[in-house]
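Working notes, beginning with the structure itself.
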Amino acid sequence: MDPDAALARYAAYFDAITRERLVEMDALFAPDARFRDPFNDVRGIAAIRGVFLHMYATIERPRFAILHRASADDVGYLKWRFTGTVRGRDFDFVGLSEVRFNPQGLVTEHLDYWDSGTLVYERVPLLGALVRVIRRRVSASSH
């Protein structure tokens with residue numbers, strides 16, 4: 001399969017993902033595919049599906065919007081915006097996924113890159129204050 005076509009299909013899936021559509025992962029991922037984000041590092045379709053089942057169990061109205069995609073050879077990149085609500089607090093952040101495909105166009109590796117500190121750690125009362133202080137101290141704009 002053409003890498004651009006594989007990435008377009010994958011991007012369309014995440015742009016319209018729902019809890020009910022998680023069964024479609026079988027047609028997108030190689031059986032031993034890896035999925036890694038700042039909180040998970042799993043292998044296999046069942047484990048990947050488990051990450052997203054957990055997302056739907058803990059986040060209200062989770063939504064991915066694909067902002068941009070690019071591909072070369074067997075790798076593609078997706079820039080996305082993720083929104084939702086956790087414990088009554090809305091969130092909205094942008095991240096990047098690096099996605100590798102096998103010759104059949106199935107995902108063999110999905111690696112997410114996003115700032116977990118802003119989303120999670122800065123919202124924890126004492127830890128958040130510490131993270132914000134450290135961020136200000138190492139920032140070039142604070143010198």
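Which count do you get for residues in region 53-63 that are of a type in the set (A, V, I, L, M, F, W, C) and either surrounded by fewer than 16 Cβ atoms within 10 Å (Cβ to Cβ) or under 26 Å from PRO103 (Cβ atoms) (or both)? Explain how you work it out, then say what you get.
Within region 53-63, the first condition is being of a type in the set (A, V, I, L, M, F, W, C), and the residues that meet it are 53, 55, 57, 59.
Right, trim to either surrounded by fewer than 16 Cβ atoms within 10 Å (Cβ to Cβ) or under 26 Å from PRO103 (Cβ atoms) (or both) and you get 53, 57.
Qualifying residue count, region 53-63: 2.
Can you pull out every residue in region 64-74 that is exposed (fewer than 15 other Cβ atoms within 10 Å of the Cβ) and touching a strand residue (DSSP E or B) at 6+ places or on another chain (Cβ under 7 Å)?
Within region 64-74, ALA65, LEU67, HIS68, ALA70 qualify.
Give region 16-52 a look and list any residue that's under 15 Å from PRO62 (Cβ atoms), touching a residue at least 24 places away in the same chain (Cβ under 8 Å) and either open to solvent by 60 Å² or more (accessible area, probe 1.4 Å) or among the aromatic types (Phe, Trp, Tyr) (or both), or say none.
The answer is ARG19, PHE39, PHE52.
Within region 29-83, count every residue that is over 20 Å from THR108 (Cα atoms) and among the polar types (S, T, N, Q).
Counting residues in region 29-83 that are over 20 Å from THR108 (Cα atoms) and among the polar types (S, T, N, Q) gives 2.
Mind checking which residues of region 73-87 are aliphatic (A, V, I, L, M) and farther than 11 Å from ARG100 by Cβ?
Residues of region 73-87 that are aliphatic (A, V, I, L, M), as a first pass: 75, 78, 86.
Hits for region 73-87 are LEU78, VAL86.
The values are calculated or read from the model by the stated rules, or taken from the named source; none is laboratory data. Bear in mind the structure is a predicted one, so any value in this text is a computation, not a measurement. Backbone-built Cβ (ideal geometry, glycine too); neighbour counts: all protein chains shown. Side chains are part of the model used for accessible areas, which takes the heavy atoms of the whole protein and leaves out ligands, DNA and RNA. Shrake-Rupley method; radii C 1.70, N 1.55, O 1.52, S 1.80 Å.
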